[in-house]
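First comes the structure, then the notes that go with it.
The values are calculated or read from the model by the stated rules, or taken from the named source; none is laboratory data. Keep in mind that what you see is a predicted model, and the values were worked out from it rather than measured. Virtual Cβ from ideal backbone geometry, glycine too; neighbours counted across all protein chains shown.
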Ligand code: SRM
Ligand code: SF4
């Protein structure tokens, strides 16, 4: 008898094997025990992998200080929730901070395992959850950050995003139906005209479209980035009424769960199944799962605008109210910043905050009469409504400070370098520069005007931190992915290379001091 016949998990890859042995979500029942015994005494697979089903990430770079990845549907949270998150990171002093992520979400740092039961209780009290936010689960669901307040929006997607999250997570309790997908999965729902969610890089994306006079969504599927392959989403040739969105997501997830490829993790994202089946067979399988036929896609969608960054002051559709977009350099927040943001949202707005995929914060519902005072708040000196042109569009993944996949340091370097460049050139338009520490592409270099992907290079006989440079990413209307134009540029040599790209491709002018020193 073969080994596989005696042990059905023997031929599975490491990840499929441990998922088959024990569902990731099972650690929910054991969290008190883990907190008591401590991370060093824990089973390694529980610690390094299964805890991610609760959003708790062991960080080999900072052992004992965990990362906690939240779920913030549409990036919308209340001041009370922000305060709770601030209190959590505050207790860790200098080790504690939070990052706004490229999926409109927050990740907390410095977390001790012994505190997790208490932290989860606090989350429950304020309606927050971190469940199913890592590993082979559906990530934070993105939506327009100005849903419900944008005068030009077509569909207010806030409820839909929340309903899809509730379906997937059983309203935050955890849902074993979707805790063993073949791989991670991304969903975005856009009701706006500017594709603020990067629809093209999600496994499922809903984009607004009219069919026979009715407003609903065209559906795109299979977009993803990975170290080995990056693909933009393709049309599923489906149009749905908003009332069908939750059921369609559920049906696609079931088809993916039951038929997705699991042998090789590099070939397990949804697009690989669509490749194998063809989009028609995939569509038919989803219809069968739904138990109903789907309408074909509307001829065109309503994504007609360039993408907005929402930084600055904008009138809302509600007369007399404004939303104020604050630029948070590379998305990094400290406890005091979070407390201040919560206070500002309470004092000037309606106690609501919104996060963007550009790693920034929006304060909605600020009345005309409160605007002037808000703009004088000291926090806005750092989180500006009118940041410098290059820094304005800077995005960065975590990088080697906390991420063990990283080949380079990103956030601090990205900020330092852009500020140096800002001193040397003047740009009359924002240039979207995205940094990502390794080919996993969490910082989305392929959607950027200039994307920088961490790698290693040889320089003067030594291995040094370097980047591959991507260009041509277009966002918003007719979005398409950028491609690699330069390989292995050592980070120490990067500044003049970027300066030239800015001058040659983006109309940047050298400032006088830079001209004399070059
Ligand atoms: Fe990511 C893995 C951080 C958005 C593609 N990503 C990781 C891990 C969990 C690796 C790890 O365990 O260390 C990183 C955690 C580092 C840390 O301590 O922060 C990590 N990813 C991030 C975040 C925080 C980057 C950021 O600074 O904003 C983003 C969190 C989003 C969220 O709130 O859930 C993040 N990751 C993305 C995106 C962008 C997006 O979704 O628009 C992508 C590309 C899109 C996609 O997934 O198709 C992305 N992350 C990956 C991949 C490659 C996936 C693949 O199919 O191969 C990995 C590696 C993996 O899953 O094996 C990965
Ligand atoms: Fe880590 Fe690489 Fe993702 Fe950056 S791109 S957060 S370095 S996995």
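Overview of results
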{"read-out": "Selected residue (only one of 91, 112, 69 is within 22 Å of residue 28 (Cβ to Cβ) and surrounded by fewer than 21 Cβ atoms within 10 Å (Cβ to Cβ))", "value": "112"}
{"read-out": "Given (1) away from ligand 2 (no atom under 16 Å from the Cβ); (2) under 30 Å from residue 209 (Cβ atoms); (3) within 21 Å of the chain's Cα centre (by Cα), number of the condition residue 434 does not satisfy", "value": "(1)"}
{"read-out": "All positions within segment 410-435 that are surrounded by fewer than 19 Cβ atoms within 10 Å (Cβ to Cβ), closer than 24 Å to residue 455 by Cα and away from ligand 1 (no atom under 16 Å from the Cβ)", "value": "416, 419, 420"}
{"read-out": "Positions within segment 136-164 being within 14 Å of the chain's Cα centre (by Cα) and surrounded by fewer than 23 Cβ atoms within 10 Å (Cβ to Cβ), in sequence order", "value": "139"}
{"read-out": "Considering residues of segment 399-409 that are over 16 Å from the mean Cα position of the chain (by Cα) and not in a loop (DSSP other than H, G, I, E, B) only, the residue nearest to ligand 1 (Cβ to nearest atom)", "value": "401"}
{"read-out": "Elements of type helices (runs of 4 or more DSSP H) in segment 1-109, at least 2 residues being under 21 Å from residue 354 (Cα atoms) and assigned by TED's automatic domain parsing to the domain that holds residue 337", "value": "79-90"}
{"read-out": "Strands (runs of 3 or more DSSP E) lying entirely in segment 159-277 (those with 2 or more residues that are modelled with pLDDT of 95 or more, in the same structural domain as residue 446 (by TED's automatic domain parsing) and touching a strand residue (DSSP E or B) at 6+ places or on another chain (Cβ under 6 Å))", "value": "none"}
{"read-out": "Any hit, segment 370-393, residues being within 30 Å of residue 231 (Cβ to Cβ), touching a residue at least 12 places away in the same chain (Cβ under 8 Å) and in a loop (DSSP other than H, G, I, E, B)", "value": "yes"}
{"read-out": "When residues of segment 449-465 are limited to those that are closer than 17 Å to residue 398 by Cα and surrounded by 24 or more Cβ atoms within 10 Å (Cβ to Cβ), the one nearest to ligand 2 (Cβ to nearest atom)", "value": "454"}
